[in-house]
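Following: one structure in C-alpha cells, then a few remarks.
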Amino acid sequence: MLEDYVEVPERIAKFHELYPDGSLQCHQWYVKEMPDGGVFIVYEARAYRTPDDARPGHGTAEERYPGLTQFTKDSELMNAETSAWGRALVAIGILASKKIASREEVIARGGGGDRTESNVAPGAVSAQPTSPVHERLKRLLQLAAARGMKSPALAEVLAKMGLQEIELRPGWIEQLTDQQARDLGAWLELGLDGEAA
C-alpha cells in the first residue's frame, strides 16, 4: 500500500538521526546506451555511517533518458540519484517498506520481464473480481492524476510495457493481470517518489 511506503527524504532524515556523522555520496554516475538504442543515466551512491565506514551501503539506480513522464523528464539525473540514495539506505537497514523492489523497478524502467503470468489476453476483461493489487493501482493513479499526470503519459508507459492495445476507458484496469498492475504500480511509485525528492 502507498501509505506503507516511506519516501526517500524521510529515510534520509532517519539516516542522519541514526548516524549524525554519516554522509550520502556519489560513487559515480554515467550514461549507458543499450543495444536497442535506449539511453539510461546510471547513478551509484554510497551511504557512509561514519567518515571511515569501511562497509558503506551501496545503491544503484538507472533512469531512462529522456524520462518517460512529466515526473522524470528533465530531472533524470536527480531521480536516479534519489533512487540510488534510497537503495543505499535500504542496504544499511533503513527500509522503504517491507520489500525491496527489484524486479518491479527493472520492469517499470522498461527493462522487460515475463508478463505472461495469466492466460487472460491483453485487452480482455478478466472474469475475476478486482484484486487488492488492482485497488492499490487505482489509488496510485488517483494520486498521480491529482499531481497532474495526464492520459497521454500513461498511454506512453503502457506502450513501453507492451500493453499498447489497452484503451484508457472505464474498466481498463481490470484488463491487467495482477503482475501487470504491480509493474505499473511500481512505475507510478518511482515517479511519485522522484517528484517528492
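The values are calculated or read from the model by the stated rules, or taken from the named source; none is laboratory data. Keep in mind that what you see is a predicted model, and the values were worked out from it rather than measured. Because the Cβ atoms are built from the backbone with ideal geometry, glycine has one as well, and the counts that use them run over all protein chains shown.
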Inside segment 17-71, can you point out the residues that are among the basic types (Lys, Arg) and surrounded by 14 or more Cβ atoms within 10 Å (Cβ to Cβ)?
-> Arg46, Arg49, Arg64
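Return yes or no: is Met1 modelled with pLDDT under 95, exposed (fewer than 14 other Cβ atoms within 10 Å of the Cβ) and touching a strand residue (DSSP E or B) at 6+ places or on another chain (Cβ under 8 Å)?
Working: modelled with pLDDT under 95: yes; exposed (fewer than 14 other Cβ atoms within 10 Å of the Cβ): yes; touching a strand residue (DSSP E or B) at 6+ places or on another chain (Cβ under 8 Å): no.
When the stated conditions are applied, Met1 does not pass them.
Suppose we filter Thr60, Thr50, Thr69 for residues that are within 22 Å of Asp183 (Cβ to Cβ) and either assigned to a strand (DSSP E or B) or at pLDDT 95 or above (or both); which single one remains? Quick ask: steps written out before the conclusion?
Working: Thr50 fails: within 22 Å of Asp183 (Cβ to Cβ); Thr69 fails: either assigned to a strand (DSSP E or B) or at pLDDT 95 or above (or both).
Going through Thr60, Thr50, Thr69 in turn, the sole match is Thr60.
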Count, please, the residues in segment 72-86 that happen to be assigned to a loop (DSSP other than H, G, I, E, B) and not small (Gly, Ala, Ser).
-> 3
Give the residues of segment 5-56 that are over 15 Å from Gly86 (Cα atoms) and polar (S, T, N, Q), sorted by residue number.
-> Gln28, Thr50
Residue among Arg109, Arg103, Arg147 that is crowded, with 16+ Cβ neighbours inside 10 Å and modelled with pLDDT under 75 | Arg109
Does segment 90-100 contain any residue that is assigned to a loop (DSSP other than H, G, I, E, B), touching a helix residue (DSSP H, G or I) at 6+ places or on another chain (Cβ under 6 Å), polar (S, T, N, Q) and modelled with pLDDT under 75?
-> yes
Search result, residues across segment 27-52 that are within 20 Å of the chain's Cα centre (by Cα), closer than 30 Å to Lys160 by Cβ and in contact (Cβ under 8 Å) with a residue 24 or more places away in the chain | Trp29, Val31, Lys32, Gly38, Val39, Phe40, Ile41, Val42, Tyr43, Glu44, Ala45
Asp74, sole failed condition from (1) at pLDDT 70 or above; (2) surrounded by 13 or more Cβ atoms within 10 Å (Cβ to Cβ); (3) under 26 Å from Ser151 (Cβ atoms) | (2)
Yes or no: Asp52 within 24 Å of Leu18 (Cα to Cα) and among the charged types (D, E, K, R)?
-> yes
